[in-house]
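Take a look at the structure below.
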Amino acid sequence: MTIKGFHHVAIISSNYEASKQFYMEVLGASIIQETFRKERNSYKLDLKIGEGSQIELFSFPDPPQRPSYPEACGLRHLAFAVENLEEMVRKLTEKGVKVEPIRIDELTNKKFTFFQDPDGLPLELYEV
């Protein structure tokens, strides 16, 4: 038995419509399937992002805030692979997203930077 890779990353949003707009219009994800689960008063939105990657975006009534700063145990950030970091930073900036300065990974000499989704989830762009 071997793991073939990641199937999806699940994200719970505090504002479903704002997060849906961000992941689709800003990051370019497309809808695979959107489901309203009446018994949970919750949406589940399956988004295709890149080749073979998915994000499950959830809405729940009154979700607790994500602990951060100082960083809490658990998932630290989600990193997206990009071919041209400067171009992606330019596109995000044009859409009003605040992006940190580009840095160089001291172990790989690859360029990377961070930004946040509407709930402050740390997201990374990593040039491959």
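Bear in mind that the values in this text are calculations on the coordinates, not laboratory data. The model shown is predicted, which means the values in this text are computed figures rather than measured ones.
Is there a pair in Lys4/Lys95; Lys48/Lys111; Lys20/Lys110; Lys4/Lys38; Lys38/Lys91 whose C-alpha atoms are over 26 Å apart, and which pairs would that be?
Lys4/Lys95; Lys20/Lys110; Lys4/Lys38; Lys38/Lys91
Across segment 1-61, how large is the tail of the calculated P(r) beyond 20 Å, expressed as a percent of all Cα pairs?
Every Cα pair in segment 1-61 considered, those over 20 Å come to 26 percent.
With N residues in the chain, what two-decimal value do you get for its Cα radius of gyration over 2.2 N^0.38 Å?
Computed over Cα atoms of the chain, the ratio equals 1.11.
Excluding residues on the same chain fewer than 8 positions from Lys98, give the aspartates and glutamates whose Cα lies under 16 Å from its Cα.
Glu25, Glu86, Glu87, Asp117, Asp119, Glu124
What whole-number value in cubic angstrom gives the convex hull volume per residue for the C-alpha atoms of segment 76-117?
That works out to 82 Å³ per residue.
I'd like the orientation of helix 85-94 relative to the chain: the angle between its Cα long axis and the longest Cα principal axis, in ° from 0 to 90, rounded to 10.
Helix 85-94 sits at roughly 50 degrees to that axis.
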